[in-house]
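What follows is one structure encoded as structure tokens, with my remarks underneath.
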Amino acid sequence: MAHIQVPTGVPGIRSLVMFRPETGEHLYNLAQALLRGVSPLTEAERELIAAYVSGRNECMFCMSSHAAASRCLYGEERNVVDEVLNDADRANITPKLKSLLHIAGRVQILGKEVTQNDIDDARSEGATDEEIHDAVLIAATFSMFNRYVDGLASFTPNDASAYEAMGERMAYNGYVSPQKQL
Amino acid sequence: MAYIKLNNQLPGITGLLENRPDTGDHIRALTQVLLRGESSLTEMERELIATLVSYRNECRFCTSAHAATVKALGGDDELLDKVFHDADNAPVSDKMKALLNIAAKVQKLGKEVKEEDVERAKKHGATDVEIHDTVLIAALFCLYNRYVDGLGTYRPEDPGYYEKLAQRLVTVGYMRPREGVIPVAETTYR
């Protein structure tokens, strides 16, 4: 049971956005711009950062749904998602993406945990300012979404297949607020 | 100096939002609805939640900016000091104490908010929308604080800077001015 009277049976963020569309509209627009807008990072990589941060924030709903979206977008390379969620240092991804995930992990703890060294390491692996920016803002944004979803105890399905379908929708349709779909 | 190159010389969050309006404008719009939109919580109550969370996230830029805004709305240092260190004895309503308690839990992690925290707020008259907005304001400042510090943005030392910024947040709000953010007062501090 959610802490407040949101529509029943609707999972996670969606139920909260239906409860308060005035703020929900902007939350969906932010997710769309950040995860589907122009970026030097692929959509699969951005979803992976989102899933990684959500896992560290122990938000099962966001972790499961964004991991599913990332798997879908990675296609044949989908295994990297679970490798990163299990142990990012040993995952079969580029050193650049590892360094960006490292920065995202620092941001997840607290902004001031990011040091000049972390930034220098990412640059030495070829990360650009835009990539560093997007990694930081995705990590910061999911530090918001995770707290919103769990802080109001919104409905978190346990069924893995529910997330698979959700991930496909997120991968192919992007982030469209429930109001706009009506 | 920020960790990355920005397209402007503005400090803190202002420089980041101006650098990336593609995401920044949505963050601004969300903030405007939450902190200045129609609500049964006063603007000062909402700013107090933002300030407490920023303080606990050790984000000096956001803490200075929103503390100055609380003061511009009629608060004082004693109120802020109590809210930071002893919220249960702060000169605010019992409902507000319960909402500040929820915000402090959200700052740690979403799942720290327990049934009894929400019950306490409801017992003192908090509505579902007030509880919702408290959680989302606290969560939003967990974004802001990480964005500002995670990219190592420039933080003015002069208290006068934050007083001017607070005046703008009280009179104009959080939306991006149509001509962009180019107030002389800010750039001269750079």
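The values are calculated or read from the model by the stated rules, or taken from the named source; none is laboratory data. Remember, predicted model here, so these are calculated numbers, not experimental data. With ideal geometry, Cβ positions are generated from the backbone for all residues, glycine too; neighbour counts draw on all protein chains shown. Side chains included, ligands, DNA and RNA excluded: accessible areas come from the protein's heavy atoms. Shrake-Rupley method; radii C 1.70, N 1.55, O 1.52, S 1.80 Å.
Could you tell me which residue of the stretch B:149-167 is most open to solvent (accessible area, probe 1.4 Å), considering only residues that are in a helix (DSSP H, G or I) and within 14 Å of chain A (Cβ to nearest Cβ)?
Residues of the stretch B:149-167 that are in a helix (DSSP H, G or I), as a first pass: B:149-150, B:159-167.
If we keep only those that are within 14 Å of chain A (Cβ to nearest Cβ) too, we end up with B:149-150.
On the way: B:ASP149: 34, B:GLY150: 0 Å².
Checking each candidate, the answer is B:ASP149.
Return a yes/no flag: does the stretch A:129-137 have any residue that is within 30 Å of B:ALA104 (Cβ to Cβ), in a loop (DSSP other than H, G, I, E, B), within 14 Å of another protein chain (Cβ to nearest Cβ) and open to solvent by less than 10 Å² (accessible area, probe 1.4 Å).
no
Restricting to the stretch A:15-30, what's the tally of residues that are more than 9 Å from every other protein chain (Cβ to nearest Cβ), under 15 Å from B:ASP25 (Cα atoms) and hydrophobic (A, V, I, L, M, F, W, C)?
Number of matching residues: 0.
Go through the stretch A:87-103 and give me each residue that's among the aliphatic types (A, V, I, L, M) and more than 9 Å from chain B (Cβ to nearest Cβ).
The initial filter retains those residues of the stretch A:87-103 that are among the aliphatic types (A, V, I, L, M), namely A:88, A:91, A:93, A:97, A:100-101, A:103.
Within the stretch A:87-103, A:ALA88, A:ALA91, A:ILE93, A:LEU97, A:LEU100, A:LEU101 meet the criteria.
What number of residues within the stretch B:9-39 satisfy the criterion of being open to solvent by 30 Å² or more (accessible area, probe 1.4 Å) and outside any helix (DSSP H, G or I)?
Adding up the residues that qualify gives 4.
Enumerate the pairs (first residue in the stretch A:124-136 and of a type outside the set (Gly, Ala, Ser); second residue anywhere and part of a helix (DSSP H, G or I)) with beta-carbon separation below 6 Å, excluding pairs fewer than 6 apart on the same chain, so at least 6 apart or on different chains.
Hits for this filter: A:GLU125/A:PRO95; A:GLU125/A:LYS96; A:GLU125/A:SER99; A:ILE132/A:ALA122; A:VAL136/A:VAL107; A:VAL136/B:GLY150.
B:SER64 is checked against (1) of a type in the set (Gly, Ala, Ser); (2) within 12 Å of the chain's Cα centre (by Cα); (3) open to solvent by 10 Å² or more (accessible area, probe 1.4 Å); (4) under 18 Å from B:ALA138 (Cβ atoms) and fails just one. What number does that condition carry?
So the condition that B:SER64 fails would be (4).
With A:GLY37, A:GLY12, A:GLY55 as the choices, which residue is of a type outside the set (A, V, I, L, M), over 13 Å from the mean Cα position of the chain (by Cα) and within 16 Å of A:ALA160 (Cβ to Cβ)?
Working: A:GLY37 fails: within 16 Å of A:ALA160 (Cβ to Cβ); A:GLY55 fails: over 13 Å from the mean Cα position of the chain (by Cα).
Only one candidate qualifies: A:GLY12.
Taking the residues in the stretch A:5-16 that are among the aliphatic types (A, V, I, L, M) and within 17 Å of B:THR127 (Cα to Cα) as candidates, determine which candidate is surrounded by the fewest Cβ atoms within 10 Å (Cβ to Cβ).
Filtering the stretch A:5-16 for residues among the aliphatic types (A, V, I, L, M) gives A:6, A:10, A:13, A:16.
Imposing the further condition that a residue be within 17 Å of B:THR127 (Cα to Cα) reduces the set to A:6, A:16.
Numbers: A:VAL6: 22, A:LEU16: 25.
Only one residue fits best here, namely A:VAL6.
Name the residue that is nearest to the other protein chains (Cβ to nearest Cβ), counting only residues in the stretch B:40-59 that are surrounded by 23 or more Cβ atoms within 10 Å (Cβ to Cβ) and among the β-branched types (Val, Ile, Thr).
Checked the stretch B:40-59; the qualifying residue nearest to the other protein chains (Cβ to nearest Cβ) is B:VAL53.
Which of (1) under 14 Å from the mean Cα position of the chain (by Cα); (2) surrounded by fewer than 20 Cβ atoms within 10 Å (Cβ to Cβ) is the odd one out, the single condition B:ARG146 does not satisfy?
(2)
How many residues does the stretch B:95-128 hold that are assigned to a helix (DSSP H, G or I), facing chain A (nearest Cβ under 7 Å) and open to solvent by 10 Å² or more (accessible area, probe 1.4 Å)? Walk me through how you get there before you give the answer.
Of the stretch B:95-128, the ones assigned to a helix (DSSP H, G or I) are B:95-108, B:110-112, B:115-123, B:128.
Pick out the ones that are also facing chain A (nearest Cβ under 7 Å) and you get B:106, B:110-111, B:118, B:128.
Pick out the ones that are also open to solvent by 10 Å² or more (accessible area, probe 1.4 Å) and you get B:111, B:128.
Adding up the residues that qualify gives 2.
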